[in-house]
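What follows is one structure encoded as C-alpha cells, with my remarks underneath.
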C-alpha cells in the first residue's frame with residue numbers, strides 16, 4: 001500500500017490546531033503524578049500543624065499538679081557551682097540522690113500501698129499517706145532525698161504507681177566546720193542562708209528558674225576562707241567552751257590589708273547537711289548576726305579617738321584617782337590605781353575612768369562621729385546575708401558618751417569590731433570585709449582613711465605594749481616570735497534590764513605581727529566560768545590565751561614567719 005502523502009495545506013491546518021506552549025506551572029501540572037505530589041505535601045503540612053495544636057490542647061488540660069511536677073523536675077536537676085576555699089578545697093558540692101513520688105491514679109490498692117511504704121518509711125504520717133494515695137492527684141512527692149538503702153527497699157516492694165526521680169542534693173564535706181559561712185540550701189537546691197543565698201541573689205536563682213542551670217557545668221566559686229585556719233579556729237573555740245564551761249563562743253580571722261575574712265565561726269554551730277539544726281535558737285551566727293556590748297575592747301577606739309583628735313598623745317595625763325558620779329551612776333575601775341594615769345597606762349590598766357576622760361576631751365558629737373566613721377554604728381556591708389545592725393542611744397548625752405567610752409551602751413557585732421580594729425593597725429584605712437578573694441590593689445580602691453597613719457602607729461604600740469608589758473591584761477596571748485598585740489574586754493551582760501555581776505561576755509581583740517600587722521584575730525567567750533583552782537573569769541584569763549592558741553597553730557599556715565631575734569638566728573645556725 002502506498003504511504004499517504006500530506007499536502008501543504010493540510011500541514012498548515014494541523015499546525016494551527018496545536019495549542020501554545022504552556023507556562024512552567026502548567027508544564028509541571030501536565031506531567032503525570034505532579035499534581036498528586038503537591039496535594040500530598042499540603043496534607044503533610046496540615047498534619048504537622050494539627051499534631052502541634054493537639055499537643056497544645058493536651059497540655060492545657062493537664063492538672064496543675066502535673067505541670068508543677070514537670071517544672072519541679074527541671075528545678076531539682078539544676079546544678080549549683082561548687083564552693084571552694086581559697087586553696088581550692090571543696091566546701092560545698094552537688095551529689096545525685098533519688099526522691100520518691102506517687103501517681104495515685106495508677107495505684108490499685110491505696111491501703112496496701114500505704115502499709116508497704118510505711119514498712120520502709122515509718123516516719124511518714126499514715127493518714128496523710130493514705131489520703132493522698134487514694135486521691136485523684138496525678139502526681140505528688142512522698143519523700144525527697146532518699147538514702148540508697150531506702151530506695152532499694154521500696155523498689156523491692158514492687159508497688160505500682162510509685163516511682164523515683166533523680167535530683168541534685170547539696171553536700172558539705174566539712175560538715176559544721178564552715179557552716180555559718182557557706183550557709184545551706186532548701187530541698188529544691190536553692191540557697192537560703194550564708195554564701196549559698198548570696199550566690200542566688202547574684203543571679204544564679206534566675207538561671208535556675210529559667211532552666212539554664214540544668215546539668216550545666218559551672219566554674220567553682222572561690223571564697224576567702226582558708227579551711228585549715230577555719231578548722232583551727234573552731235577547734236580552739238570548742239576547747240575553750242569546754243575548759244571555761246561557757247554557753248557560747250566565736251571568733252574571726254581577718255586580713256587587715258585586703259579585708260578578706262580568712263576564718264569565722266560561732267559555737268554552738270550547725271551542720272548544713274542537716275539544715276533543720278539551724279532553727280534551734282542557740283545555733284545562731286553570733287559573730288556577724290549577734291549584737292553585744294563589746295566591753296573594754298571599745299577602749300581601743302576611745303584611745304584612738306583621743307589620739308587622732310590632736311588633743312592627746314601617748315604621754316597625756318588623765319586623773320583616775322576618784323570615781324566619776326553622773327546621772328546616779330558610779331563609774332570606777334576594776335583594778336584601780338587611784339592616781340593620775342598616762343594615756344598608755346589608761347590603755348594597759350583598762351581604766352574606765354581614764355577612758356571617760358579621753359571621751360570628754362573629744363565631746364559627745366565628736367565621739368559619735370568617730371564611731372560612725374569607724375563603721376561601728378551602721379550595718380556592715382558584706383556579702384553574707386546574716387549581718388545585724390548595731391544599736392545605739394536615740395539621743396547621745398554625756399552619760400552615754402562616758403559609758404560607751406568603755407564599751408557599754410552600744411551593741412555591735414564581733415565581726416564589725418574586728419573590721420574597725422583592722423583600720424587601727426593597718427595605717428588607718430577602713431576596708432569593707434569580704435568573703436570573696438580580694439587583692440590589695442582592689443582593697444585600696446574601696447578603702448577610706450579614718451585615722452591618721454600616726455594614730456595607727458601609736459595604736460600598734462599600745463596593742464603590743466598590752467601583751468608584752470607585764471602590767472598589761474593580754475599577757476596570756478603572747479606567742480614568741482609573732483609580736484602579738486591586743487586589748488581585752490570583759491563586759492557584764494544585761495539581765496532583766498540590769499547589768500549582771502556574774503554573767504560576762506569576754507573578748508580579746510588582737511593583731512599580729514605588730515611591727516607590720518597582717519591579721520586581726522578576735523575571739524569572744526560567752527558566760528565563761530573560772531578554771532578550776534582560779535578565782536577570775538576575765539577576758540585576760542580565757543579569751544586571750546585562746547587567741548594565743550589560734551595564732552600559734554595558724555601563723556605558719558598564713559605564711560607569717562616568726563621573728564626569733566638573735567637567739568633564734570643562733571639556734572638556726574646550730575642546726
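The values are calculated or read from the model by the stated rules, or taken from the named source; none is laboratory data. Note that the structure is a prediction, hence the values are computed from the model and not measured. Positions of Cβ are backbone-derived with ideal geometry, glycine not excepted, and every protein chain shown enters the neighbour counts.
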Unique residue being in the same structural domain as residue 341 (by TED's automatic domain parsing) and in contact with a strand residue (DSSP E or B) (Cβ under 7 Å, 6 or more places away or on another chain) when the list is 372, 389, 382: 382
Pair list, Cβ < 8 Å and 6+ apart or interchain, from the range 271-291 residues that are in the same structural domain as residue 382 (by TED's automatic domain parsing) to residues that are assigned to a helix (DSSP H, G or I) and surrounded by fewer than 21 Cβ atoms within 10 Å (Cβ to Cβ): 271/175; 271/176; 271/277; 272/175; 272/176; 272/278; 273/175; 283/277
Criterion (under 35 Å from the mean Cα position of the chain (by Cα) and surrounded by fewer than 24 Cβ atoms within 10 Å (Cβ to Cβ)) met by exactly one of 254, 314, 291: 291
Filter result for the condition that a residue is within 21 Å of the chain's Cα centre (by Cα), buried (at least 21 other Cβ atoms within 10 Å of the Cβ), modelled with pLDDT under 95 and outside the structural domain of residue 559 (by TED's automatic domain parsing), over 185, 181: 185
Filtered residues of the range 494-516 (kept if part of a strand (DSSP E or B) and either over 28 Å from the mean Cα position of the chain (by Cα) or free of Cβ contacts under 8 Å to residues at least 24 places away in the same chain (or both)): 494, 495, 498, 499, 500, 501, 502, 503
Residue in the range 459-480 that is under 28 Å from the mean Cα position of the chain (by Cα) and modelled with pLDDT of 95 or more present: no
Residue that is farthest from residue 524 (Cα to Cα) [pool: residues in the range 278-295 that are modelled with pLDDT of 95 or more and in a helix (DSSP H, G or I)]: 289
Output for the range 160-178, where each listed residue is on the phi > 0 side of the Ramachandran plot and modelled with pLDDT under 90: 161
Top-ranked residue of the range 231-249 - restricted to ones that are under 20 Å from the mean Cα position of the chain (by Cα) and surrounded by fewer than 24 Cβ atoms within 10 Å (Cβ to Cβ), ranked as nearest to residue 550 (Cα to Cα): 232
Only listed residue being without any contact (Cβ under 8 Å) to a residue 24 or more places away in the chain and assigned by TED's automatic domain parsing to the domain that holds residue 415, chosen from 295, 336: 336
